[in-house]
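Below: one structure, written as C-alpha cells.
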Amino acid sequence: MKFFSKRSVTAIVISFICMMILPVVVFATGGEEAVTNSYYSTFWALVPPLVAIALALITKEVYSSLFVGVVLGGLLSANWHPVKAFDNVLNDGIIGAVQGTAGIFIFLVVLGAIVALINRAGGSAAFGRWAQKHIKTRVGATLATFVLGVLIFIDDYFNCLTVGSVMVPVTDKAKISRAKLAFIIDATAAPICMIAPVSSWAAAVSEFTEGTGFSGIDLFVRAIPYNFYSLLMLVFVVAITLMQFDFGPMKKHAINALNGDLFTSGQDNVESAETDEENPKGRVIDLILPVIILVILSIIGLLYVGEFFAGVDFVTAFGNTDATVGLPWGAIIALVFTIVYLIVRRVITFKEAMECIPKGFKAMVPAILILTFATSLKNMTGLLGADVFVETLMKSAAPGLANFLPAIIFVVACILAFSTGTSWGTFGILIPIVTSIFDPATPQFIIGVSACLAGAVCGDHCSPISDTTIMSSAGSRSNHVNHVSTQLPYAITVALISFVVYIISAFITSAYILLPIGILLTIGTLFVIKQVTKNN
C-alpha cells in the first residue's frame with residue numbers, strides 16, 4: 001500500500017515551502033538591521049538537516065530535499081529576514097561548500113574519467129570475465145568486495161570510489177544488487193578508516209587530543225579495541241554474508257537482483273555511465289595497473305602535501321596532510337598515466353581518450369550536486385551553533401550520569417553526525433568535551449573517547465547527507481535514496497548492539513571481555529532476525 005502518491009508528495013513539498021516563505025513575509029522588516037539570532041545554539045540548529053533527511057526519505061528525491069533544508073537553515077540563521085537569509089544560503093552555504101570541497105570535486109571528476117577510460121578500453125569487462133571464472137558464488141563476490149574495502153584504508157573517499165569502480169563488474173555478474181554493493185563499500189569505508197592508525201582519519205583525530213597526556217596516535221590506537229561500532233560492523237558484514245540472507249528493504253533488492261534487476265529503482269540516474277560497447281582488446285591488466293598506480297600516487301600525494309619529502313616523519317606527515325589536495329594531486333598524474341598507457345597499448349585512440357574525460361565528469365555530476373547541497377546544509381548548522389548546543393547538552397548531562405557516560409556520548413555523537421552528515425565535525429566538537437569530563441588515568445577516559453569516535457562513524461554511516469554515504473552511492477553507481485533506505489536497518493542494528501556494549505562498559509572495562517560480548521550479540525541478533533524474517 002502506498003501512503004504517498006506522486007501528487008500528494010508534490011503537494012507536501014509545495015506546502016512546506018509555502019510554510020517556510022510565510023514567516024518571511026510576516027517577520028521581514030524591510031531593512032538590514034543586525035539582530036540577535038534567537039535560534040542560535042538551540043535545538044532548532046538541528047532542525048534543517050532533520051527536515052531535509054525526512055523529506056528525502058518520504059519523497060525519494062534528494063536534490064530538492066537538501067535544498068529545502070539549506071533554505072530553512074538560511075532563514076533560521078537570519079531570523080527570517082529574507083535578504084540576509086539569501087546571503088547566508090548563497091555565500092556561507094553554496095559558495096562556501098564549493099570552495100571547501102573543490103579538491104574533492106576534482107578528485108571525483110578525475111576518477112570518473114579514469115573509470116570511463118578503463119571501461120572504454122575493456123578493462124572492466126575483462127576483469128568481469130576473469131571474476132566469473134574464479135569467483136563462483138555470490139558469497140565469494142561479496143567477501144572479495146569486503147576484503148578490497150578493508151585493504152584500502154588510507155582514506156574513505158578513495159575507498160568508496162576505487163572499490164566501487166573495481167567491483168561493479170564482479171558483483172553484477174554475481175547478481176548482487178547495487179544497493180548491497182553500496183552498503184558493503186560504505187561499511188568498509190569510514191569504519192575501516194576509523195580503526196586504521198595510518199589513515200587520514202587517524203590524523204584528524206590526533207589534532208583534537210592535545211593536553212590529554214597522550215600523543216594523538218597513541219590515544220587513537222588505545223581507542224581501537226573499544227570502537228565497537230566500527231569493529232562490530234565488520235563482523236556484521238561477514239556474518240550476514242556467510243549466513244546468506246538479507247532483511248528490511250535490502251531483501252527486496254536482493255530478490256530483484258537474482259531476477260536480473262540490479263537497481264529495483266532509480267536506474268535511469270546512473271545507467272548513463274555504463275553504455276560502452278565491450279572492447280575485445282581489453283585485458284585485466286588494463287584495470288589493475290591504473291588502479292594500482294592511482295593508489296600509489298594518491299598515497300604519495302597525501303605524504304607530499306603533509307611535507308614527508310621535506311623531512312617530516314611519516315606519522316606527522318599524515319597528521320599534516322589535506323586529502324582535498326593530496327588526492328587530486330595523485331589522481332591527475334594517474335589520469336595522465338592511464339591515457340598514455342592505454343594509447344600505447346593501442347586499446348583506445350587519443351580521440352576516444354579525450355571523449356572519456358567529459359563522460360567521466362557527467363557520470364559524477366549527481367554526486368557533486370548532492371555533495372554541494374549536503375555541505376551547504378552543514379554550513380547552515382554551523383551558522384546556527386549546533387556545536388555549541390551539543391556541547392552545552394553534554395556538559396549538563398555529565399554530573400548525574402557518570403557511569404553511563406560512554407553510552408550517552410555514543411548516542412549524542414550518533415545524533416549529531418546523523419544530523420550534520422559529518423563524522424570529522426562531530427568528533428572535532430565532542431573530543432575536547434569528552435577529554436575534559438574524564439580523568440585520563442581511568443579506563444573510562446579511553447572508552448569515552450572510543451564511544452565518541454564510534455558514534456561519529458555510526459551517525460555518518462546512517463546519514464543521507466554524509467559525504468561518505470554519497471561517495472558510496474557514486475562508487476557503486478547506485479541510486480542514493482535506495483542506498484540510504486536499505487542500509488539504515490543494518491546500521492541501526494549494529495548501533496543498538498554497540499549501545500548495549502557501552503552500557504556494559506560501565507561495569508566491565510576490559511576490551512578482551514567487551515568485544516567478544518559484542519561479537520556474540522551481533523551473531524546472535526542475526527540468527528534471531530533470520531528466523532523471524534524467514535517467511536516474510
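The values are calculated or read from the model by the stated rules, or taken from the named source; none is laboratory data. Note that the coordinates shown come from a computational prediction; the quantities given were computed from them, not determined experimentally. Cβ placement follows ideal geometry from the backbone for every residue including glycine, while neighbour counts extend to all protein chains displayed. Ligands, DNA and RNA are excluded from the accessible area calculation, which covers all protein heavy atoms including side chains. Shrake-Rupley method; radii C 1.70, N 1.55, O 1.52, S 1.80 Å.
Remarks
- Restricted to the range 148-202, and to residues there that are at pLDDT 85 or above and not in a helix (DSSP H, G or I), the residue that is surrounded by the fewest Cβ atoms within 10 Å (Cβ to Cβ) is Lys175.
- Residue within the range 128-143 that is closer than 27 Å to Thr422 by Cα and surrounded by fewer than 19 Cβ atoms within 10 Å (Cβ to Cβ) present: no
- Meets criteria (in contact with a His (Cβ under 6 Å, 6 or more places away or on another chain) and among the polar types (S, T, N, Q)) for Ser473: yes
- Looking across the range 222-250, the residues that are more than 17 Å from Ala141 (Cα to Cα) and not in a helix (DSSP H, G or I) come down to Asn227, Phe247, Gly248.
- For the range 99-125, a residue qualifies if it is within 19 Å of the chain's Cα centre (by Cα) and open to solvent by 10 Å² or more (accessible area, probe 1.4 Å), and the qualifying residues are Gly100, Thr101, Ala102, Gly103, Phe105, Ile106, Val109.
- Residue satisfying all of: in the range 259-292; touching a His at 6+ places or on another chain (Cβ under 9 Å) and modelled with pLDDT of 80 or more; surrounded by the fewest Cβ atoms within 10 Å (Cβ to Cβ) among these: Asp261
- The set of residues in the range 432-464 being surrounded by fewer than 24 Cβ atoms within 10 Å (Cβ to Cβ) and β-branched (Val, Ile, Thr) consists of Ile433, Thr435, Ile437, Thr442, Ile446.
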